[in-house]
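Notes follow once the structure below has been shown.
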Amino acid sequence: RLAGSRRRGGRSTVLVAVRTAQHPVDLRCSFLGRVFTADGTPLPRVLIGEYRGNDRGVVGEFDIPSAAQPRFVERDRVAPGLRHLQGAVRWGETRFVSQSDLLHPGALWTDRDGSWRRHPVPLPAGCEDLALDPEAGVLWTLGEHPWRRVVRGIPFSALDLPG
């Protein structure tokens, strides 16, 4: 796959990216998020999710490959029933996903008991990934639209998380 090219003094250099391995995750991998215990300990797991224009996107939770287990192992899969999923993280038993809405503010959704609820805290327009920062006690997200690129931190206290 052609990744880019450069021109120097009449000569062109082509940069090529080559896929050397394909992962066995059967999701359309659009975003990646971390998993933490309720006390903020990172688990050797990731959430991998699908961006879809319809409400059939899913988020899977996978063990991170290690020397003892060299493949991703799926532990859980949820289908929030939301369009335009952009990011996902888990803190304890609470899952968070971000949902974009073109140039309108994005939405943060939470799931603690199998039912997804829209959180009142709005996300930036074009919201993307989510990242939990246990040290700072903040959930981070960002907006991707040109001239509207913002980074936003939401304190854990606004999310009913300890911190």
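Figures for the structure shown
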item: Extension gain (nm, one decimal) between ARG83 and TRP140, 0.36 nm per residue minus Cα-Cα; result: 18.5 nm
item: Sequence-distant residues sharing a close amide H with GLY126 (under 5 Å, placed H); result: ASP101, LEU102, HIS104, GLY106
item: Geometric extent, Cα atoms of region 23-159 - Rg, Dmax (angstrom); result: 14.4, 46
item: Inter-site label distance for GLN69 and ARG148 at 7 Å from Cα along Cβ, in nm; result: 4.0
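Read the figures in this text as sums done on the coordinates, not as results from a lab. As the structure is a prediction and not an experimental result, all values here were calculated from the model. Glycine also receives a Cβ, built like all others from the backbone with ideal geometry; neighbour counts cover every protein chain displayed.
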